[in-house]
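Written out below as structure tokens is the structure these notes cover.
The values are calculated or read from the model by the stated rules, or taken from the named source; none is laboratory data. These numbers were taken from a predicted model, which means no experiment stands behind them. Here Cβ is always computed from backbone atoms with ideal geometry, including for glycine, and neighbour counts include all displayed protein chains.
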Amino acid sequence: MSNYRLTPLRDTAKNKERIIEKTRGNMEPQAMKTSKKKRLVVPILVAACVLILSLFLAGPYVYQAFFMQQKFTVEKVVFPQSAYDALYHAVYIDATNEFVYKKEDGFYSFDVAKKQETLLVAGSKMSYGYAASEKWIVWSAAVNNEEKLHVFNRLTNEVKVIETDYFFDVHLQGDEIIYLALKPIDGSRSEVSYQKYNILTEQSTIIQEIEVTSTGTMSNVDGNYMTISNQIEMDDEEKTIISVHDLQQLTNVGTYNIPYDTVQDISLHDKKIYAYVWHSNVEQPGEIGVLDLETNRFTTLKTSVKVGDFATDGQHFAVAVQKGDSNSVQLFEEEEGRLKRISSLPTIKERLVSPRFTEDGTLVVTSEGPDRPIYLIRFK
């Protein structure tokens with residue numbers, strides 16, 4: 001309470017008026033302070049309500065961006081326009097931070113850091129089925145109307161033509177080429193086998209012979225191991241047989257029967273085979289199957305979304321998730337047999353396709369955006 005002193009007046013009525021006026025003067029500042037507080041608090045409350053409502057309406061995308069810990073980095077790589085048609089199969093090499101891809105006039109590299117495109121080896125009749133590493137590029141091209149295996153040495157800029165049987169499904173692992181060879185026996189029969197060819201020693205070795213009656217043969221190389229899948233008709237049913245091979249010891253680690261007639265996107269990580277599986281004669285979505293090589297147990301990962309093709313490094317999953325009439329890649333992790341979404345990649349607005357992991361664990365996804373970039377996603 002404020003202390004004040006009034007000069008005594010003989011007129012009591014006037015004295016009362018002065019007291020009332022002085023009291024009103026002391027009360028006015030407090031009222032003004034209260035009014036100012038109200039004027040400040042109300043807009044803050046309104047703004048907070050608007051923000052909360054906006055987060056609610058925006059859904060999981062904004063929540064993810066603001067509140068979830070980012071477990072990865074995203075790098076956007078934009079190429080020269082002339083490379084657009086070649087980027088779907090572009091190979092990213094971690095060691096040199098570059099892409100290698102095939103255009104109409106030859107193989108090119110693109111230095112990600114320098115944003116520089118370089119012609120590596122010229123040629124207009126090279127096949128688009130190829131493999132590339134920091135040391136080699138391997139492809140097929142016709143020589144005197146016969147397809148031959150060509151190897152480009154990136155250190156010496158020399159091209160070597162190898163006399164092999166006709167081949168498909170080429171892989172590079174160190175200094176070795178792994179491919180599916182087809183050797184004609186007569187006009188109607190051929191011998192089919194997966195082989196490896198050592199570029200330095202020029203030695204060729206059969207990994208596995210393939211039954212001619214099998215269909216849908218596909219393979220994948222992960223480090224020292226190779227997985228081969230074949231569709232075979234057994235007991236009036238089509239089943240998929242997967243075999244695993246040690247490429248150094250040239251031994252069959254095991255052969256496994258998968259209860260689906262169609263198996264794609266095969267990869268092997270930490271003694272588990274991952275694949276996209278479905279029945280071609282049943283109208284139901286495909287699933288991601290997991291075959292544990294230690295227990296021989298086959299399971300499928302549970303998920304709340306409709307999945308398309310996918311890629312995995314054994315820990316992270318890049319899955320094409322159905323959205324309306326199309327799909328785009330989202331990121332997941334496995335948790336107790338279920339796919340747990342870690343990001344829908346809200347900062348990337350365009351559709352993403354063709355997810356693939358490099359051997360060093362970098363996720364590469366191709367974009368269908370206007371500038372046709374490729375995104376490099378690296379997990380922490």
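Remarks
- Residue identified as loosely packed, with under 12 Cβ neighbours inside 10 Å, under 26 Å from the mean Cα position of the chain (by Cα) and not hydrophobic (A, V, I, L, M, F, W, C) among ASP270, ASP186: ASP270
- Look at the stretch 113-133: where a residue is at positive phi and a partner is surrounded by fewer than 18 Cβ atoms within 10 Å (Cβ to Cβ) and at pLDDT 95 or above, sitting 6+ places away or on another chain with Cβ atoms under 8 Å, you get LYS115/VAL78.
- Those residues of the stretch 75-117 which are surrounded by fewer than 17 Cβ atoms within 10 Å (Cβ to Cβ), of a type outside the set (D, E, K, R) and under 18 Å from LEU155 (Cα atoms), in sequence order: ALA95, THR96, ASN97, GLY106
- Residue in the stretch 308-327 that is of a type in the set (S, T, N, Q) and over 30 Å from ILE241 (Cα atoms) present: yes
- With a requirement of 2 or more residues that are touching a His at 6+ places or on another chain (Cβ under 6 Å), small (Gly, Ala, Ser) and within 21 Å of THR358 (Cα to Cα), none of the strands (runs of 3 or more DSSP E) lying completely within the stretch 205-319 satisfies it.
- Close pairs from the stretch 300-319: first without any contact (Cβ under 8 Å) to a residue 40 or more places away in the chain, partner among the polar types (S, T, N, Q) and surrounded by fewer than 16 Cβ atoms within 10 Å (Cβ to Cβ), Cβ under 8 Å, at least 6 apart: VAL305/GLN322; LYS306/GLN322; VAL307/GLN322; GLY308/GLN322
- Check on THR347, in a strand (DSSP E or B) and either charged (D, E, K, R) or over 24 Å from LYS271 (Cβ atoms) (or both): no
- Among residues of the stretch 223-234 that are without any contact (Cβ under 8 Å) to a residue 60 or more places away in the chain and over 20 Å from HIS269 (Cα atoms), those with a beta-carbon under 6 Å from a residue that is among the aliphatic types (A, V, I, L, M) and part of a strand (DSSP E or B) at least six positions away or on a different chain give the pairs ILE232/ILE241.
- Counted residues, the stretch 354-371 - those being in contact with a strand residue (DSSP E or B) (Cβ under 8 Å, 6 or more places away or on another chain) and part of a loop (DSSP other than H, G, I, E, B): 5
- The strands (runs of 3 or more DSSP E) located wholly in the stretch 91-134 that include 1 or more residues which are among the basic types (Lys, Arg) and either at pLDDT 95 or above or in contact with a Phe, Trp or Tyr (Cβ under 7 Å, 6 or more places away or on another chain) (or both) occupy 98-103.
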